[in-house]
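One structure below.
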Amino acid sequence: MPAPRRAIQSEPDRLHALYQYEVLDSPPEPSFDRLTALAARLFNVSIALVSLIDRDRQWFKSMHGLRTRETSTRLSFCKHTLAGDTVLVVPDATDDARFADNALVTGAPYIRFYAGAPLITPDGYNLGSLCIIDDKPRAGLSEADQRTLQDLADIAVDELELRRHHREKETGLRQQAERVTHAVELAQDAISLLNADNRFVYINRATATLYGYPVDELLGQPLDLIYDSDGRQRLYQEVLPVLRNNGAWHGTCKARHRNGSVIEQEVSLAALPDGGMVRVARDVTARNAAQRTRRRLRAELHQAQKLESVGRLAGGIAHDFNNVLAAIAGYAGFLVDDLPQDSAEAGYARQIASAAERGKTLVQQILSFSRRDSLSMTAIDISEVVSETAGLLSAALPRELHLNCELPEALLRVRGNESALGRAVMNLATNARDAVADLDAPSITIVVRHRSTPIEDPGTDRTEATEMEGVGPVRLLDLADGRHELRIGQINHPGGTIEVSVIDGGAGIPLDKLERVLEPFYTTKTVGKGTGLGLSAVSGIALSHDGGLTIRTGEGRGTEVTMHFAELAPTMGQSTDTRASLAAHAPVATTADRVAAVNDPTSDTRRLVLIVDDEQTVAQMTADTVIRLGRPALTTTSANRALEIVHDRHGEIAHLITDLNMPEMMGSDLAQAVKGIDPAIAITLISGRTPLAEGDPASAIDHVLQKPIARDQLERVLSGLAN
């Protein structure tokens, strides 16, 4: 049963209810047409209509036996059904005053009989009627026939309700789809749909932006368009098989932007029933870069902490260990001098001296690695450093090994520390010596050259530049000739680059080991053959000189290690010829020499050397060395006692040799005090580290020597003051 018609029903409310169905002027629908056809058959009439009463017209949703789609409400029979909620029956319209003069009665279709059942909605609004019409009058409708007609009208209302619910559902789905589409378009992730052929059928704006293609250009393209050859291989051999078997895949991969740049992305795939897929990609290039930066910063912090620990260890052992080494090396040297050179004992002494020298080198390497040794930087001739180091190497290398030195004629100067650069060349040469040890005709070449133009990249980056603890960005390149090159630091310098290369023809460095050769304490040598600090120390020295390092190698093709330094421009009037420059470098008297010569008429009596070291063994060994060099010596372990001696015997003292770190007074402070008493006394500072610059006019220090003191160095210092 339909809901009862509202007792008081305003026309605007009724019309609003009608318009909610959005049925007016809609195309014919079979469900309504079946109702009117059924009504015409049941009641044996020529016309049956589903009539909806609009503001000024009646419009027929369905018409059986009538061609007109609508008529004016002035002619409408159905509008009279709006006043009630029961079937309106007109047996003969010509006998009804309401309709007798109606044009539809007096003219076609010549209505005589009319019966209309109201279309009452569930909430009680009367929308019109389902009516039957005939051109012959009838006695009326039985009660049963009226119920049947009303049932048909109620079915028509049910169809209207179903139609509205379906439309609302479609509208809701459409709106939901629009909202989803809008959300997908606003998403930062690249979202796309692909068909069973793995071609794009939908992409959002983020997808087009991510890969650099216009939307219409990417649609219809295969998925492998955004991958390189390696990416395509992985797509077809790994990703798609997993997707088909499991229905989903998630992972990371690299894609290619239209301009060729690499995109790091996280991708999720979900299979669709039709064989296609949903693909969601997220650009993680920036995130990964930030993570790499965080890892690098953590590594740098870890390295700084490690270097701090090693530096403290190095600083702590340098003083005490060098004192021990000084005594060992000194007294071993005395034995070598005093024993018959061909005796076994002299050989033992030489081995002791060699071991002490290795200990000294190890301490220097640790200090270089820890970056805690303060290097005094001066203008130096790099060829002279290499030449002197080569001279030392020649005596230490096996006789069958040939050492070549290629030095330029021009004077090439860098701002650096002569001792550190010498150690770097020594370390590289030692590595090269080990690399060619098994060859029939081993040889090493040391080359010094000048380069005025930048080095172009000789190959392609094998991987992205990585961060190595304590070293910084490291590049590994594949060269065109099949070799590989490792690069760190500043390779090119604007004002010109000076390069020092050590080249060997050994077996080369395998690629997996080349990636690690700069790591501290990493070594491929057997136990007892290497500490793993050589190349790490060399890289530290190169970087501390604001330079760079390259290692070019290949298996079976030897190794070339090159240090790159900024050229120091020559000063006004300076000769550019190395040999002429070296010949002109005659010894020059120090400030103390000149003061003694001018102010002390008895300078020829100044021969006494005062030695101050809180370690008695070192002080005595140094004194013994001085005595062997033909000079008288006096020792003390107290800085305060040294000042007393200077007060009492300053006219006799020609030279003060003092340790830097002492409990009562720093050696540098002692030097200042001694100069205040007698400026003519020359002062040499000795230490396991060299924080003071030699010859600094503002300093009281005339010479700086490192522990353990080499006898030839001490002899040169004292010879400059000999009468």
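Throughout, read-outs are computed from the coordinates displayed, never taken from laboratory work. A quick note: this is a predicted structure, and the numbers were derived from the prediction, not measured. As a convention, Cβ positions derive from the backbone with ideal geometry for all residues, glycine included, and neighbour counts pool all protein chains shown.
I'd like the Karplus ³J(HN,Hα) series for segment 98-103: coefficients 6.51, -1.76, 1.60, θ = phi - 60°, whole numbers in Hz, and an x wherever there's a Gly or Pro.
Those phi angles translate into 5, 10, 4, 9, 5, 4 Hz.
Which value in nm describes the separation of the simple spin-label points at ARG292 and LEU186, placed 7 Å from the Cα toward the beta carbon?
For ARG292 paired with LEU186, the spin-label model returns 3.4 nm.
What full-extension length gain, to one decimal in nm, is calculated for GLN490 and ASP338 as 0.36 nm per residue of separation minus the Cα-Cα distance?
Using 0.36 nm per residue and subtracting the Cα-Cα distance, I get 49.7 nm.
Using 13 Å as the cut-off for backbone N distance, which residues of segment 56-92 belong to the label zone defined by a point 7 Å from the Cα of GLU29 along Cα→Cβ?
Label zone hits: 61-62.
Compute the relative contact order of segment 11-169 as a whole-number percentage, counting only Cα pairs closer than 8 Å that sit 6 or more residues apart in sequence.
So the answer I get is 24 percent.
Say R0 is 45 Å: what FRET efficiency, to the nearest 0.05, do GLU409 and GLU652 get from their beta-carbon distance?
Computed FRET efficiency for GLU409 and GLU652 comes out at 0.40.
Ranking request for peptides 339-350, 664-675: highest mean number of other beta-carbon atoms within 10 Å first, then the rest in descending order.
Descending mean neighbour count gives 664-675, 339-350.
At a 10 angstrom cut-off on C-beta neighbours, averaged per residue, how do the peptides 282-289, 123-130 rank from highest to lowest?
123-130, 282-289
What are the ³J(HN,Hα) values, in whole Hz, obtained from phi via the Karplus relation 6.51 cos²θ - 1.76 cosθ + 1.60 with θ = phi - 60°, for each residue of segment 411-419 in sequence order, with x given for Gly and Pro?
6, 10, 10, 10, 8, x, 10, 4, 5
If you average the C-alpha positions of segment 25-56 and of segment 162-215 separately, how far apart do those two centres end up, in angstrom?
41 Å
For segment 377-384, what does the Karplus curve 6.51 cos²θ - 1.76 cosθ + 1.60, with θ = phi - 60°, yield as ³J(HN,Hα) per residue in whole Hz, taken in order and with x for Gly and Pro?
Calculated HN-Hα couplings, in order: 9, 9, 6, 10, 8, 5, 5, 5 Hz.
Would you mind ranking MET63, MET563 so that the residue whose beta carbon has the fewest other beta carbons within 10 Å leads the list?
MET63, MET563
Just rank ILE133, ILE191, ILE155, fewest to most, by other beta-carbon atoms within 10 angstrom.
ILE155, ILE191, ILE133
With no solvent and one point per C-alpha, what does the Debye sum give as log10 I(q)/I(0) for segment 242-302 at q = 0.17, 0.20 Å⁻¹?
-0.71, -0.82
Please give the length that would be gained between ARG516 and ALA346 if that part of the chain were fully extended, namely 0.36 nm times their separation in residues minus their C-alpha to C-alpha distance (nm, one decimal).
57.1 nm
With the crude spin-label approximation of a point 7 Å out along Cα→Cβ, what separation in nm comes out for GLU178 versus ALA437?
In this crude spin-label approximation the distance works out to 8.3 nm.
Between ASP96 and LEU479, 0.36 nm times their residue separation minus their Cα-Cα distance comes to what?
Using 0.36 nm per residue and subtracting the Cα-Cα distance, I get 127.0 nm.
Can you tell me the FRET efficiency between HIS165 and ARG199 if r is taken as the Cβ-Cβ distance and R0 is 41 Å, rounded to the nearest 0.05?
0.60
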